[in-house]
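This report concerns only the one structure given below.
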């Protein structure tokens, strides 16, 4: 079991976020929201909701009068229809695939099939949009004078735009000549901004990795970990392209400020289809360090000055049915043990061949992926590595997974790029309701790790306990001057349900205990506060007894912000 | 009693095509008179024509009393408002009302208008209730009041009205829809003028 998995298990929110689908917004929640303990905000909440809630929240189908049109279901308080033109008045609405529109009045021309309305308010699963006027024809909404927001109430985070075009069939929403504002402070301008009405704003802007459920994280870092860490991290810069996505990111960070080893980091990254480039410069008391990569199709250049790694070359994958062939060639330099004493330089060329086999029968699934790498150098030496991965899985009332990973090297590879580290690992996991068991045995290291997690789901969140054990652990931690070959850590925590109300807060605490060394191993507390547009996070975590080679006993203060 | 009936059957056969105070009765077969009640029965139906109003009633079975009522079954009634067919029908001379069950009505405004119950009043107002259906215009309603003199029809309660690809629905029990027939076109409005509503709505209570 990897350290990252263990850390993810400790920070319950990320585990829950990854496994639990977003909760719906049941009516009962409104009641719970209004009973929020934050009474001082209650008045503001009611005020905000009063103008944020559509003036006529009745579903369109329950309006006094409805009109079924090819464009969707229109409804309203009253209707005049002369067989050609229908005019709704006294509040009107339109419901069609992917949107709900409201307006004081609505006009439908049966001959042209066009719906027009002034002062429209549109709701999609992720956005609320207002427009001075809108027109729907052929399932396409076109509107002008646009104000759009993802906020639950108010519009402190908003997009202002001249025009909007929303194809309800394809689900594509395009804003032209728009600008992004936060608290009326303009952040960016877009010529043509494409939004997915069902996706978070961060994903549409390219701020969140595609497919990730995680909300947009604030690209500003402010925490304390062996010193103050402050600055911009992967801060998106609009690049003026027509795509409207942020593809260029700036990093300007001061790390470990106040400690004897502060770092000033400057980074720039940009990405396009099939092309990406990034460069990061670190200014340390000991000197400069840099790392980066440039990838353009099959060509690439990567380097990491601290590890003495440089490479320029090409590699390209060719898929042939279940086979994948990746020929490669590069000129490279590597420090094999991380110091200049073991520097290797030269040329390498070769290929990797993979075969992917997968079969599924009912709840059973089996996957086998063997591989082999054959490489040559500009020296009388060749590289051969082979191995693979086999995995069996059962997904029914419970989930059981058993996997085996192995790799064998004939001789150690010269460069990190072609190297396939020798490994032999057997792993298994079992999940049943609130119970999760994971175990892994590394045959080469003769090391066994296991983790048992028990969670009790409640309406208000999950109370969980996790026992992590390790026998014959390699990469030992030190305590009281001796190696710790065995670890037993029990962590108790509570993960509240994700904040769904406005002006609401919750606490996420956890406490770890080292059963062998008889002491508190870690503890942490995170406070989350939700307003209309954002979720603010303030947390403190302290490791008192390090459990992994990568951990050090220290405290960490974090501050974060997410778009709701 | 039986011989009295037999006697008046014979008399009726003699008096075929006789007039009865504005009504002209043409029995399809026998006509029987119950002398005790003054009720005529046409067991195999016939035709009654009101020469004053132009009303023509054809039915498979008719019972009537002169100056009082006409009852019929399997009836077809041609009136100036249009043509009715009804499973059963009852005409009361005082007040001048015509009640029908299982009614089907066609006029220049409506084609194949059917309802469970119908009431035709002397003010040229037709009230229909219960599963009111029409094929042109396509209408489904619970209550319909047709003012044939003013080319208007008022729908009360939930309804479905279809025009081309467009379907209009009134979703509430207190829904109203005024249909106005003008130059071959139908105008529909849910906002019914108070004058029209106050004039037509009371007719619905008469049925």
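For the stretch A:312-324, indicate whether the set of residues that are out of contact with any helix residue (DSSP H, G or I) (no Cβ under 8 Å at 6 or more places or on another chain), in a strand (DSSP E or B), in contact (Cβ under 8 Å) with a residue 24 or more places away in the chain and loosely packed, with under 12 Cβ neighbours inside 10 Å is non-empty.
Scanning the stretch A:312-324 turns up at least one residue that is out of contact with any helix residue (DSSP H, G or I) (no Cβ under 8 Å at 6 or more places or on another chain), in a strand (DSSP E or B), in contact (Cβ under 8 Å) with a residue 24 or more places away in the chain and loosely packed, with under 12 Cβ neighbours inside 10 Å.
Looking at residue A:360 and the list (1) assigned to a strand (DSSP E or B); (2) touching a strand residue (DSSP E or B) at 6+ places or on another chain (Cβ under 7 Å); (3) loosely packed, with under 15 Cβ neighbours inside 10 Å, which single condition is not satisfied?
(2)
Could you say whether any residue in the stretch B:45-57 is touching a helix residue (DSSP H, G or I) at 6+ places or on another chain (Cβ under 6 Å) and crowded, with 16+ Cβ neighbours inside 10 Å?
no
With the requirement that a residue be more than 12 Å from the chain's Cα centre (by Cα) and surrounded by fewer than 16 Cβ atoms within 10 Å (Cβ to Cβ), what does the stretch B:97-139 give you?
B:108, B:111, B:112, B:123, B:131, B:135, B:136, B:138
Residues that are away from chain B (no Cβ under 14 Å), at least 2 per element: which strands (runs of 3 or more DSSP E) completely within the stretch A:95-195 meet that?
Result: A:99-103, A:114-123, A:128-137, A:140-149, A:157-167, A:172-182, A:185-195.
Could you please let me know if residue A:108 is farther than 22 Å from residue B:174 by Cα, more than 42 Å from the chain's Cα centre (by Cα), assigned by TED's automatic domain parsing to the domain that holds residue A:140 and buried (at least 19 other Cβ atoms within 10 Å of the Cβ)?
yes
Restricting to the stretch A:438-460, name every residue that is in a strand (DSSP E or B), without any contact (Cβ under 8 Å) to a residue 40 or more places away in the chain and farther than 15 Å from residue A:491 by Cβ.
Answer for the stretch A:438-460, where residues must be in a strand (DSSP E or B), without any contact (Cβ under 8 Å) to a residue 40 or more places away in the chain and farther than 15 Å from residue A:491 by Cβ: A:441, A:442, A:447, A:448, A:457, A:458.
Is it true that residue B:140 is on the phi > 0 side of the Ramachandran plot, at pLDDT 90 or above, more than 12 Å from chain A (Cβ to nearest Cβ) and in a strand (DSSP E or B)?
No: the conditions fail for residue B:140.
Please give the number of the condition residue A:90 fails out of (1) at positive phi; (2) buried (at least 18 other Cβ atoms within 10 Å of the Cβ).
(2)
A quick yes/no check of all residues on (1) over 23 Å from residue B:153 (Cβ atoms); (2) modelled with pLDDT of 90 or more; (3) assigned by TED's automatic domain parsing to the domain that holds residue B:183:
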{"position": "B:40", "(1), (2), (3)": "yes, yes, no"}
{"position": "B:50", "(1), (2), (3)": "yes, no, no"}
{"position": "B:74", "(1), (2), (3)": "yes, yes, no"}
{"position": "B:85", "(1), (2), (3)": "no, yes, no"}
{"position": "B:88", "(1), (2), (3)": "yes, yes, no"}
{"position": "B:122", "(1), (2), (3)": "no, no, yes"}
{"position": "B:126", "(1), (2), (3)": "no, yes, yes"}
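Checking the structure you have, find out if any residue of the stretch A:372-387 is touching a strand residue (DSSP E or B) at 6+ places or on another chain (Cβ under 9 Å), at pLDDT 95 or above and in a loop (DSSP other than H, G, I, E, B).
no
Quick one: in the stretch B:157-166, of everything that is outside any loop (DSSP other than H, G, I, E, B) and over 13 Å from residue B:187 (Cα atoms), which residue is nearest to the other protein chains (Cβ to nearest Cβ)?
Ranking the qualifying residues of the stretch B:157-166, first place goes to B:166.
I'd like to verify a number: residues in the stretch A:70-87 that are more than 47 Å from the chain's Cα centre (by Cα) and more than 9 Å from chain B (Cβ to nearest Cβ), how many?
Residues flagged as more than 47 Å from the chain's Cα centre (by Cα) and more than 9 Å from chain B (Cβ to nearest Cβ) within the stretch A:70-87 amount to 1.
Is it true that residue B:197 is farther than 17 Å from residue A:65 by Cα and either within 9 Å of chain A (Cβ to nearest Cβ) or in contact (Cβ under 8 Å) with a residue 40 or more places away in the chain (or both)?
It is true that residue B:197 is farther than 17 Å from residue A:65 by Cα and either within 9 Å of chain A (Cβ to nearest Cβ) or in contact (Cβ under 8 Å) with a residue 40 or more places away in the chain (or both).
Residue B:158: farther than 30 Å from residue B:66 by Cα and either touching a strand residue (DSSP E or B) at 6+ places or on another chain (Cβ under 7 Å) or not assigned by TED's automatic domain parsing to the domain that holds residue B:59 (or both), yes or no?
So residue B:158 fits the description; yes.
Are any residues in the stretch A:492-519 in a loop (DSSP other than H, G, I, E, B) and either within 13 Å of residue A:462 (Cα to Cα) or within 22 Å of the chain's Cα centre (by Cα) (or both), and if so, which ones?
Result: A:497, A:498, A:499, A:500, A:501.
Please list, ordered by first then second residue, the pairs with beta carbon atoms under 7 Å, 6 or more apart or interchain, first in the stretch B:169-188 and more than 25 Å from residue A:59 (Cα to Cα) and facing another protein chain (nearest Cβ under 8 Å), second at pLDDT 90 or above and in a strand (DSSP E or B).
If the second residue must be at pLDDT 90 or above and in a strand (DSSP E or B), the pairs left are B:186/B:179; B:187/B:180.
Kindly indicate whether residue A:182 is out of contact with any helix residue (DSSP H, G or I) (no Cβ under 8 Å at 6 or more places or on another chain) and touching a residue at least 24 places away in the same chain (Cβ under 8 Å).
Spelling it out, residue A:182 is indeed out of contact with any helix residue (DSSP H, G or I) (no Cβ under 8 Å at 6 or more places or on another chain) and touching a residue at least 24 places away in the same chain (Cβ under 8 Å).
Considering only the stretch B:85-96, state which residues are surrounded by fewer than 22 Cβ atoms within 10 Å (Cβ to Cβ) and in a strand (DSSP E or B).
B:85, B:87, B:88, B:90, B:92
Taking residue B:202, is it farther than 18 Å from residue A:81 by Cα, within 14 Å of chain A (Cβ to nearest Cβ) and at pLDDT below 95?
Here the answer is no, as residue B:202 does not meet what is asked.
From the list A:555, A:539, A:512, A:519, pick out the single residue that is out of contact with any strand residue (DSSP E or B) (no Cβ under 7 Å at 6 or more places or on another chain) and touching a residue at least 12 places away in the same chain (Cβ under 8 Å).
That would be A:519, the only listed residue that is out of contact with any strand residue (DSSP E or B) (no Cβ under 7 Å at 6 or more places or on another chain) and touching a residue at least 12 places away in the same chain (Cβ under 8 Å).
Considering every residue within the stretch B:143-156, establish whether at least one is within 9 Å of another protein chain (Cβ to nearest Cβ), closer than 22 Å to residue A:85 by Cα and modelled with pLDDT under 95.
No - not one qualifying residue is present in the stretch B:143-156.
Would you mind telling me which numbered condition in (1) out of contact with any strand residue (DSSP E or B) (no Cβ under 7 Å at 6 or more places or on another chain); (2) in contact (Cβ under 8 Å) with a residue 60 or more places away in the chain residue B:117 fails?
So residue B:117 meets the others, but not (1).
The values are calculated or read from the model by the stated rules, or taken from the named source; none is laboratory data. Because the structure is a prediction, the values reported are computed rather than measured. When we count neighbours, we look across all protein chains shown, and the Cβ atoms used for this are built from the backbone with ideal geometry, even at glycine.
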